[in-house]
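Student: Below are the structure tokens for one structure; questions will follow.
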Amino acid sequence: MSKDTIGVTIQLIGGEYRFACSPSEQDNLLEAGRQLDERMRTVRDRSSKLLSLEAIAVMAAMNLSDELLRQQRQLAETDAVVNHYVQDITQKIDEVLNKFVPNEL
């Protein structure tokens, strides 16, 4: 590790994993680890059969990826609606201003 990276230990279903990151990334990495551990435990606890740690990790990763994709789509849809409203409001403001401000400036 270089002097501008630190070691961070993440607990995932009882196992310890070491990562290197910058000090400014430490809190995010720890939070991501806590969330992943929680997701992995949920997968394990909801499964009707014994799963390997690898299978649990893959299922948790797929769930997180699906959630991320859904949020990205929703954000894109929301962004499109907001942009439409902004364009509509801008057009209305321009129309009002054109009534009161001479075009010969």
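The numbers here are math on the coordinates, done by the rules we state, and not lab data. What you are looking at is a predicted structure, and each value in this text was computed from that prediction instead of being measured. Cβ atoms come from the backbone with ideal geometry, glycine included; neighbour counts cover every protein chain shown.
Student: Percent relative contact order of the chain, based on C-alpha pairs within less than 8 angstrom and at least six residues apart?
Tutor: So the answer I get is 15 percent.
Student: Taking every pair of alpha-carbon atoms in the range 51-105, give the share separated by more than 14 Å as a whole percent.
Tutor: Across the range 51-105, Cα pairs with separations above 14 Å total 73 percent.
Student: Between helix 26-46 and the chain, what is the angle of the helix's C-alpha long axis to the longest principal axis, kept within 0 to 90° and rounded to the nearest 10?
Tutor: That works out to roughly 70 degrees.
Student: A further question follows. Taking θ as phi - 60°, what are the ³J(HN,Hα) couplings along the range 67-82 by the Karplus curve (6.51, -1.76, 1.60), each to the nearest whole Hz, with x for Gly and Pro?
Tutor: Using θ = phi - 60°, the values come out as 4, 4, 4, 4, 5, 5, 5, 5, 5, 5, 5, 5, 4, 5, 5, 4 Hz.
Student: Related question: Run the Debye formula on the Cα coordinates of the range 1-49, all scatterers equal and no solvent, and tell me log10 I(q)/I(0) at q = 0.15, 0.20, 0.30, 0.31 1/Å.
Tutor: Those come out to -0.45, -0.67, -1.07, -1.10, one per q.
Student: Any chance you could run the full-extension gain for residue 86 through residue 26? It's 0.36 nm times the residue separation minus the Cα-Cα distance, nm to one decimal.
Tutor: Roughly 17.8 nm would be gained on extension.
Student: Whole-Å semi-axes of the chain's equivalent ellipsoid, largest first, each the root of 5 times a Cα gyration tensor eigenvalue?
Tutor: Computed over the chain, the values are 49, 22, 8 Å.
Student: Okay, next question. So how strong a dipole does the range 25-105 carry about its Cα centre when Lys and Arg Cβ are +1 and Asp and Glu Cβ are -1, to the nearest 20 debye?
Tutor: In debye, rounded to 20, the range 25-105 gives about 500.
Student: Can I ask one more? Build a GNM of the chain with springs between Cα atoms under 10 Å: which of 66, 27, 94 gets the top mean-square fluctuation?
Tutor: Checking each option, the largest mean-square fluctuation is seen for 94.
Student: Hey, another quick one. Go ahead and estimate [θ] at 222 nm for the chain from helices alone: -39,500 (n - 2.57) per DSSP H run with n ≥ 4, summed, over the residue count, rounded to 500.
Tutor: My calculation for the chain gives -24000 deg cm²/dmol from helical runs alone.
Student: Below 12 angstrom from the Cβ of residue 57, what's the summed charge of the other residues (Lys, Arg +1; Asp, Glu -1)?
Tutor: With Lys, Arg at +1 and Asp, Glu at -1, the neighbours total +1.
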